[in-house]
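Below: the structure, in structure tokens.
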Amino acid sequence: MANAASGMAVHDDCKLKFLELKAKRTYRFIVYKIEEKQKQVVVEKLGEPTDSFENFSASLPENECRYAIYDFDFVTDENCQKSKIVFIAWSPDSSKVRSKMIYASSKDRFKRELDGIRIELQATDPTEMGF
């Protein structure tokens, strides 16, 4: 499924792993990468359910853009255990302009493939993702 606007395909694995995270909580996070040569989004890294937010932050490259999904657990004021799936568009200031443009233009289409995202964050460094 390529999109004429960005020409970027989404590898089936991207959706499958997202559904596993959403339905079975198999992963804590998923980091996605655009393979420019193949013109498609692929899964780069999967976080174990026991992985921390620090593990997640450490798996985002310092100078390259990525998309990521993070399964965020929290406790509400009423003491209820909740979880929200967060989509993160990782775009560090030091990444290449071309890369930023490709990630920005492909983002909405990629997000549409992943059903059930409630929160989206744009982050250029780890401090912008603080929960």
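Counting only residues that are of a type in the set (S, T, N, Q) and open to solvent by 30 Å² or more (accessible area, probe 1.4 Å), how many does the stretch 93-110 have?
So the count comes out to 2.
A quick yes/no check of all residues on (1) of a type in the set (D, E, K, R); (2) farther than 13 Å from Tyr67 by Cα; (3) touching an Asp or Glu at 6+ places or on another chain (Cβ under 7 Å):
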residue	(1), (2), (3)
Phe18	no, no, no
Thr26	no, yes, yes
Val31	no, no, yes
Ile34	no, no, no
Lys37	yes, yes, no
Glu44	yes, no, no
Glu54	yes, yes, no
Ser57	no, no, no
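Residues being more than 18 Å from Asp73 (Cα to Cα) and touching a strand residue (DSSP E or B) at 6+ places or on another chain (Cβ under 8 Å): count how many of those fall in the stretch 8-30.
7
Of all residues in the stretch 89-110, which are within 15 Å of Glu62 (Cβ to Cβ) and either assigned to a helix (DSSP H, G or I) or under 15 Å from the mean Cα position of the chain (by Cα) (or both)?
Across the stretch 89-110, the qualifying residues are Trp90, Ser91, Pro92, Ser99, Lys100.
Working only within the stretch 72-97, note down all residues that are within 17 Å of Ser52 (Cβ to Cβ) and of a type in the set (Gly, Ala, Ser).
Ser83
Which of the following residues is at pLDDT 95 or above, of a type in the set (Asp, Glu) and farther than 18 Å from Glu113 by Cβ: Glu20, Glu64, Glu36?
One residue alone meets the criteria, Glu64.
Count, please, the residues in the stretch 111-131 that happen to be in a helix (DSSP H, G or I) and open to solvent by 30 Å² or more (accessible area, probe 1.4 Å).
Of the residues in that region, 6 qualify.
The values are calculated or read from the model by the stated rules, or taken from the named source; none is laboratory data. What you see is a predicted model, and the numbers here were worked out from it, not measured in a lab. As a convention, Cβ positions derive from the backbone with ideal geometry for all residues, glycine included, and neighbour counts pool all protein chains shown. Ligands, DNA and RNA are excluded from the accessible area calculation, which covers all protein heavy atoms including side chains. Shrake-Rupley method; radii C 1.70, N 1.55, O 1.52, S 1.80 Å.
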